[in-house]
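The values are calculated or read from the model by the stated rules, or taken from the named source; none is laboratory data. Every value quoted in this text rests on a predicted model; they were computed, and no experiment measured them. Cβ coordinates were reconstructed from backbone atoms using ideal geometry, including for glycine residues, and neighbour counts include every protein chain displayed. Please note that ligands, DNA and RNA were not included when accessible areas were found on the heavy atoms of the full protein model with its side chains. Shrake-Rupley method; radii C 1.70, N 1.55, O 1.52, S 1.80 Å.
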Amino acid sequence: MAIKAVLLLVFAYLLVEMPTTSAMVPAVIVFGDSTVDPGNNNQISTVLKSNFAPYGRDYFGGQPTGRFSNGRIATDFISEAFGIKPAIPAYLDPKYDIRDFATGVSFASAGTGYDNATSDILSVIPFWKEMEYYREYQSKLRGYLGNDKASHLLSESLHLLSIGTNDFLENYYILPTRSSQYSVDKYKDFLIGIASNFIRELYKLGARKVAITGLAPIGCLPLERTTNIIHGSACIEEYNNVAKDFNVKLQGTITEMNQELGGIQIVTLNTYDKVLEMIHNPTRFGFENAEKACCGTGYFEMSYLCDRRNPLTCSDANKYIFWDAFHPSEKTNFIIADYLVKTALVVFR
Ligand SMILES: *[C@@H]1O[C@H](CO)[C@@H](O)[C@H](O)[C@H]1NC(C)=O
């Protein structure tokens, strides 16, 4: 009797546990910029690259991959937390094929933005082109899994967008064209219109689980602080305010789309407060430096300027919120991913 009861319990346990151990989200499919590019830029002709040391020195095998980090990026940690795989490959990386991409892939390109004019600046992959690659991916996936399985997988997969910083910091506030055409408020609307069209397109193509990031406190990136030297290298409040307002507008649009598009679930990933909390209280998170980056002097180096021969590069990137002057360290990426997985992304687990 006792043994029977135990067996029954074990059986019941297996029934309950089996489905949850196989992931609810079978793949994370990523679009965006350097925050989520695992190396697509390695395969294109641009100066914006990071597939050399010291990038990747804390990645598996100490390998530089084209991630703008000393290690993994947030989407790698999200994929891992979802029980899928520890790193998401770049779509253009010839080492991988559709068998790998079926469980997660990134179309992101460092330096890109919502605005076509942003990707033109450093000749990186425009956002619309990421959608073209995604269509190609879908047709390969249908060839690999068959139509029905592929459609099911796509509807269950998390489609994650992380983009927008470069539209302001590389484009609007640097070059004259957009700032003469649009007020900053109108430019936000322009970008959010592109985001909204992109998500509608994903919906038409079968996506049902979507996450889109707002902007982080972009005025606190070390490179921006460096340009604010007359104010003691403080965060640039104007940029932070743009980010906050952008996030409010984006949230409004996403709320409307959730009501309009039947069966879709779109969440916004708001990292603004968390990142600012880290910058204001670095020691609470185990950091020692919130203002300058690990690589080089920490004030301006990124991409080719972040050089392995620079004697000033820090020895322990875990003590820094920023790895280079424009990008978070692996530890920051982990904290952000962990936070998102436990908050906004909970609905997909
Ligand atoms: C960006 O460029 C593509 C390709 O030329 C075009 O189809 C699209 O409409 C452009 N987007 C905007 C917002 O102008």
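Quick notes on this structure:
- ³J(HN,Hα), Karplus 6.51/-1.76/1.60, whole Hz, each residue of segment 57-71, x for Gly, Pro: 5, 10, 7, 3, x, x, 8, x, 10, x, 6, 7, 6, 6, x
- C-alpha center-to-center spacing [segment 132-208, segment 20-72] in angstrom: 18 Å
- Backbone amide hydrogens, once placed in the peptide plane, bring GLY104 within less than 5 Å of VAL28, excluding anything fewer than 5 places away on its chain.
- Solvent-accessible area, 1.4 Å probe, carbon plus sulfur percent, for the chain: 57 percent
- Accessible-area ranking of ARG349, ARG309, ARG200, largest first, probe 1.4 Å: ARG309, ARG349, ARG200
- The residues packed around MET131, meaning those with a beta-carbon under 13 Å from its beta-carbon, carry a net charge of 0 if Lys and Arg are +1 and Asp and Glu are -1.
- Length-normalised contact order of segment 230-318 in % [C-alpha pairs under 8 Å, at least 6 apart]: 16 percent
- Solvent exposure of segment 150-258, expressed per residue, is 39 Å² of accessible area, with all protein chains present and a 1.4 angstrom probe.
- Legend: calculated FRET efficiency, SER139 to GLN63, from the Cβ-Cβ distance at R0 = 25 Å, rounded to 0.05, equals 0.20.
- Residue ranking by accessible heavy-atom surface, 1.4 Å probe, largest first, among LYS129, LYS342 comes out as LYS342, LYS129.
- Listed by chain and number, the lysines placed with their C-alpha closer than 27 angstrom to that of LYS331 are LYS49, LYS85, LYS95, LYS209, LYS244, LYS274, LYS292, LYS319, LYS342; residues fewer than eight positions away on the same chain are left out.
- Nitroxide proxy distance, nm - points 7 Å out along Cα→Cβ at ASP148 and ARG284: 5.2 nm
- Zone of ILE44's modelled label, taken as backbone nitrogen in segment 164-189 under 16 Å from a point 7 Å along Cα→Cβ: 164-167, 170-171
- Angle between the chain longest axis and helix 2-21 axis [Cα atoms, degrees, rounded to 10]: 40 degrees
- With the simple model of a label 7 Å out from the Cα in the direction of the Cβ, ASN258 to ASP100 spans 3.5 nm.
- Extension gain from THR177 to LYS319, taking 0.36 nm per residue of separation minus the Cα-Cα distance: 47.2 nm
- Net +/- balance of residues flanking SER162 in space, Cβ distance below 10 Å, scoring K and R +1, D and E -1: -2
- Cα-based radius of gyration of the chain once divided by 2.2 N^0.38 Å, which approximates compact folds: 1.02
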